[in-house]
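K.L.:
First the structure, which I've put down as structure tokens, then a few questions once you've had a look.
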Amino acid sequence: MTCEQETTELAAYAMAALDPGEAARVGRHVRACPGCAGEVDEIRAALAAVRLLPDEELVGDWSGKLAELREAAVRAALAEDPPVPRPC
Ligand SMILES: [Zn+2]
């Protein structure tokens, strides 16, 4: 890591899970920072690959990567939309 940009934020950005203001801020940073741009590219490629693969293909070499992806996705989802139980 060569900068302070959060990997969680980058994952959310790659998944288009940020609100427009946040996406614009992260997008500006990503365009100026090759390290983060590569990170976003990797996340996007991994997400695309996971979406394309049937379940039975998601074994072996993918298992380690998937755990990371799920963690990133969960963190991003939590950061973007915190679960607030709302009784009626
Ligand atoms: Zn960066």
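Only the coordinates and a few stated rules stand behind these numbers; no lab work does. This one's a predicted model, so the numbers in the text were calculated from it and none came from an experiment. Virtual Cβ from ideal backbone geometry, glycine too; neighbours counted across all protein chains shown.
K.L.:
A16 passes all but one of (1) in contact (Cβ under 8 Å) with a residue 24 or more places away in the chain; (2) outside any helix (DSSP H, G or I); which number fails?
P.N.:
(1)
K.L.:
Mind checking whether some residue in segment 43-54 is at negative phi, within 13 Å of the ligand (Cβ to nearest atom), surrounded by 11 or more Cβ atoms within 10 Å (Cβ to Cβ) and within 14 Å of the chain's Cα centre (by Cα)?
P.N.:
No, segment 43-54 contains no residue that is at negative phi, within 13 Å of the ligand (Cβ to nearest atom), surrounded by 11 or more Cβ atoms within 10 Å (Cβ to Cβ) and within 14 Å of the chain's Cα centre (by Cα).
K.L.:
Could I ask something else about it? Count, please, the residues in segment 1-40 that happen to be exposed (fewer than 13 other Cβ atoms within 10 Å of the Cβ), closer than 19 Å to E71 by Cβ and more than 10 Å from the ligand (Cβ to nearest atom).
P.N.:
Total meeting the criteria: 1.
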